[in-house]
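The values are calculated or read from the model by the stated rules, or taken from the named source; none is laboratory data. Since the structure is predicted, the reported quantities are computational estimates derived from the model, not experimental observations. Neighbour counts are summed over all protein chains in view; Cβ atoms, including those assigned to glycine, are modelled from backbone coordinates with ideal geometry. The accessibility values were calculated without ligands, DNA or RNA, using every heavy atom of the protein model including side chains. Shrake-Rupley method; radii C 1.70, N 1.55, O 1.52, S 1.80 Å.
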Amino acid sequence: MSMGPLDLLNHLLNFMAPALAVGLVLAALGPVFMRKKPVANTLLAQAAINTIAGTLALLIGLWFFGRDGKMASYTALVFVAATSQWWAMRR
């Protein structure tokens, strides 16, 4: 049985959902914990940077472990996204 385009889109969105959630939460809470002016001026830009970094961490975890859903991949997601947020607010 082959996967159709809507099935592929569903799988990709579900794969990226944790990175999107972590990216949005970090971007929203970043100014609360770090009072510095962010490099990326908008919340959407910060969330996009965090989401892209987190998705790359998940892709590397998928490549390394050969499957999705490993706790090490999610740990890397949080670490990479938090580092991205810290880097964006380091001024």
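Conditions (1) of a type outside the set (F, W, Y); (2) open to solvent by less than 60 Å² (accessible area, probe 1.4 Å); (3) in contact with a helix residue (DSSP H, G or I) (Cβ under 9 Å, 6 or more places away or on another chain); (4) touching a residue at least 24 places away in the same chain (Cβ under 8 Å), marked per residue:
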| site | (1), (2), (3), (4) |
| --- | --- |
| M1 | yes, no, no, no |
| N14 | yes, no, no, no |
| A28 | yes, yes, yes, no |
| F33 | no, no, no, no |
| L59 | yes, no, yes, no |
| F64 | no, no, yes, no |
| D68 | yes, no, yes, yes |
| L77 | yes, yes, yes, yes |
| A82 | yes, yes, yes, yes |
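For the stretch 44-60, the criterion of being outside any helix (DSSP H, G or I) and aliphatic (A, V, I, L, M) is met by no residue.
Of the residues making up the stretch 42-57, those that are open to solvent by less than 40 Å² (accessible area, probe 1.4 Å) and under 11 Å from A19 (Cβ atoms) number 7.
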